[in-house]
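One structure below.
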Amino acid sequence: MLNYITSYGVRLGSKLITDCLNTIMKLLDGRYIRILFAVSILSMLSACINIASTTDIATSQEKNIQYLMDRTAIEDVVKAYALSMDTRDWELHRSIFTEQYKLFRRGQYIDESIEDRISRLDRFTNNYLWTQHLASIYSIEIDGDKAFVISTLNANHKGKELENGRRSNDYLMIGHYHYWLERAENGWKIYQMQVKRFRNPRSSQ
């Protein structure tokens, strides 16, 4: 009797399993399998779109952060230019220029080394008791590893007694500075500049 019950239970269990499998196969047959396939494809596409959107947002944020960092570094260069002129800190001045740069003088751009520039500026500023350069930036245009800046030229020069009874005159230069900068391994550097004066054209900058 026990063996009969056990055998019947096994047959009943096998039938239930077979019926379940047959039902699943029917559900997956025909239109149902196509519906399930379409749902799967849509789910994958949605996931891909979400990933792409997240990537675009992250890339845009990185670009914005890099732009702000570059802009701040470029502003520091312009301020360092004014500070180094007034304090006659030629090491600081040297640090913001490329070794060779172009300067607009007498209607054309000329090549000058940073060492020649510092030597020339040192002689020029020694003719004055003090100078004051105001550095206010009008615009900054950044294009990859290059940048163009327009800032104020407002440089006051205080005259002093010179040798042989001579005296340098007080004067104020008004105009614009135009700077062209490039990204270097140790920061942004001026590789070309132009001083556009509105008055008092005498200058060695």
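Laboratory data are not the source of any read-out in this text; all were calculated from the coordinates shown. Since the model is a prediction, treat every value here as computed from it, not as a measurement. Neighbour counts are summed over all protein chains in view; Cβ atoms, including those assigned to glycine, are modelled from backbone coordinates with ideal geometry.
The table below lists the values:
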| read-out | value |
| --- | --- |
| Two-decimal ratio, the stretch 66-199, of alpha-carbon radius of gyration to 2.2 N^0.38 Å | 1.08 |
| Charge context of Tyr138, other residues only, Cβ under 13 angstrom, K/R +1, D/E -1 | -1 |
| Under the Karplus curve 6.51 cos²θ - 1.76 cosθ + 1.60, θ = phi - 60°, whole-Hz ³J(HN,Hα) for the stretch 81-96, x wherever Gly or Pro sits | 4, 5, 4, 5, 5, 6, 8, 6, 8, 6, 5, 5, 4, 4, 5, 9 |
| Phi to ³J(HN,Hα) by Karplus 6.51 cos²θ - 1.76 cosθ + 1.60 over the stretch 172-187, Hz, x for Gly, Pro | 10, 9, 10, x, 10, 9, 10, 10, 10, 10, 9, 7, 10, 4, 10, x |
| Normalised contact order of the stretch 49-155, rounded percent, pairs of Cα under 8 Å and 6 or more residues apart | 21 |
| Percentage relative contact order, the stretch 117-168, counting C-alpha pairs under 8 Å, at least six apart | 36 |
| Ranked by how many other beta carbons lie within 10 Å on average, peptides 177-183, 167-173, 112-118 from highest | 177-183, 112-118, 167-173 |
| Share of Cα-Cα pairs in the stretch 82-122 lying beyond 13 Å, as whole percent | 53 |
| Rounded to whole Hz, the Karplus (6.51, -1.76, 1.60) HN-Hα couplings of the stretch 110-127, x for glycine and proline | 10, 7, 8, 7, 5, 5, 5, 4, 5, 4, 5, 5, 5, 5, 5, 5, 5, 7 |
